[in-house]
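First comes the structure, then the notes that go with it.
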Amino acid sequence: MTYCVAMRLEQGMIFAADSRTNAGVDHIATFRKLHRFEREGERLIVLMSAGNLATTQSVLSLLRNRIRDDAPRHLYQVTSLYDVAELVGSTLREVIHRDGGQGQGSGVDFGGSFLVGGQIRGEPCRLFHVYPAGNFIEATVDTPYFQIGESKYGKPIIDRVVDYRLPLDEAMKCALISFDSTIRSNLSVGMPLDVLLYTQDSFDSSRHYHIDERHAFYTALREAWSDSLRDAFRGLPPLRL
């Protein structure tokens, strides 16, 4: 399982993903789920994936190969983020059709989904959620974030805190708290985390961080959040039924 969240806000975008794909008593596997495609000063495209690992890795491999081979239509050739989402969706359908047909009757779910965001010069930041069928929706001012994977544990804090005008640093703190809630409640989501803060029109991906269990700020944040929750609970009015 996995958990990824992305937000398109007034100042720019934030992306965050865990790296756990399988967890059990004696087996834990990690794979990166946040992937950057960029051309300096011209475009930054971020893809985050969830679902069948073979499917999502195949999609990413095909997208990279088509850049390398200078295919007629690839991530560095299209002119809008909408076109990027469409390209990711069609590649996802292609892989599922190829691999799903071979595995008929196996009971294997070949589905995968992607969050696709970033900026191409000439348009503002945009964010899309690409579904396993290859169709997609775009984030709006009223709905500025998307989640994929094990989203239910981290959703309440985001719903309460995030709006379009929230500063990027505050949004990233909220995203990290949502990960702490998810990791505490579900073994299949785990460290390390990949996080990226992107300021609109900067075409600068330098605020890309790798967070593990020893990361000082993440440790301080989760401890402060836990202490605040306990204090808030103790401050609730006495039960009077």
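The values are calculated or read from the model by the stated rules, or taken from the named source; none is laboratory data. Given the structure is predicted, the values throughout are model-derived calculations rather than measurements. No Cβ is skipped: glycine too gets one built from the backbone with ideal geometry, and neighbour counts run over all protein chains shown. All accessible areas refer to the heavy atoms of the entire protein, side chains included, with ligands and DNA or RNA removed. Shrake-Rupley method; radii C 1.70, N 1.55, O 1.52, S 1.80 Å.
Assorted remarks:
- Within the range 204-240, tally of residues that are open to solvent by 70 Å² or more (accessible area, probe 1.4 Å) and small (Gly, Ala, Ser): 2
- Against the test of being of a type in the set (Asp, Glu) and more than 30 Å from TRP225 (Cα to Cα), the options GLU150, GLU138 yield a single qualifying residue, GLU138.
- Look at the range 49-61: where a residue is touching a residue at least 60 places away in the same chain (Cβ under 8 Å) and a partner is outside any helix (DSSP H, G or I) and basic (Lys, Arg), sitting 6+ places away or on another chain with Cβ atoms under 8 Å, you get SER49/LYS33; ALA50/LYS33.
- From the options ILE137, ILE67, residue that is under 16 Å from LEU44 (Cβ atoms) and surrounded by 13 or more Cβ atoms within 10 Å (Cβ to Cβ): ILE67
- Unique residue being open to solvent by 30 Å² or more (accessible area, probe 1.4 Å), touching a residue at least 12 places away in the same chain (Cβ under 8 Å) and in contact with a helix residue (DSSP H, G or I) (Cβ under 6 Å, 6 or more places away or on another chain) when the list is ARG121, ARG126: ARG126
- Cross-chain or 6+ apart pairs with Cβ under 7 Å, the range 65-80 first and on the phi < 0 side of the Ramachandran plot, then at pLDDT 95 or above and of a type in the set (Lys, Arg): HIS74/ARG66; TYR76/ARG39
- The residues listed here are ALA232, ALA175, ALA220; of these, the one that is assigned to a helix (DSSP H, G or I) and over 27 Å from PHE31 (Cα atoms) is ALA232.
- Condition broken by LEU166, with the remaining ones in (1) modelled with pLDDT of 95 or more; (2) within 27 Å of ASP83 (Cα to Cα); (3) part of a loop (DSSP other than H, G, I, E, B) satisfied: (2)
- Filter result (at pLDDT below 85 and in a loop (DSSP other than H, G, I, E, B)) within the range 97-119: GLY103, GLN104, GLY105, SER106, GLY107, VAL108, ASP109
- The listed residues are ASP169, ASP201, and the only one of them that is touching a Leu at 6+ places or on another chain (Cβ under 8 Å), surrounded by fewer than 21 Cβ atoms within 10 Å (Cβ to Cβ) and of a type outside the set (Ser, Thr, Tyr) turns out to be ASP169.
- Residue count, the range 120-147 (criterion: among the basic types (Lys, Arg) and assigned to a loop (DSSP other than H, G, I, E, B)): 1
- Count of the range 172-196 residues which are open to solvent by less than 10 Å² (accessible area, probe 1.4 Å), more than 13 Å from TYR3 (Cα to Cα) and touching a residue at least 24 places away in the same chain (Cβ under 8 Å): 1
- Looking across the range 8-39 at every residue that is outside any strand (DSSP E or B) and modelled with pLDDT of 95 or more, the one that is nearest to ASP201 (Cα to Cα) is identified as GLN11.
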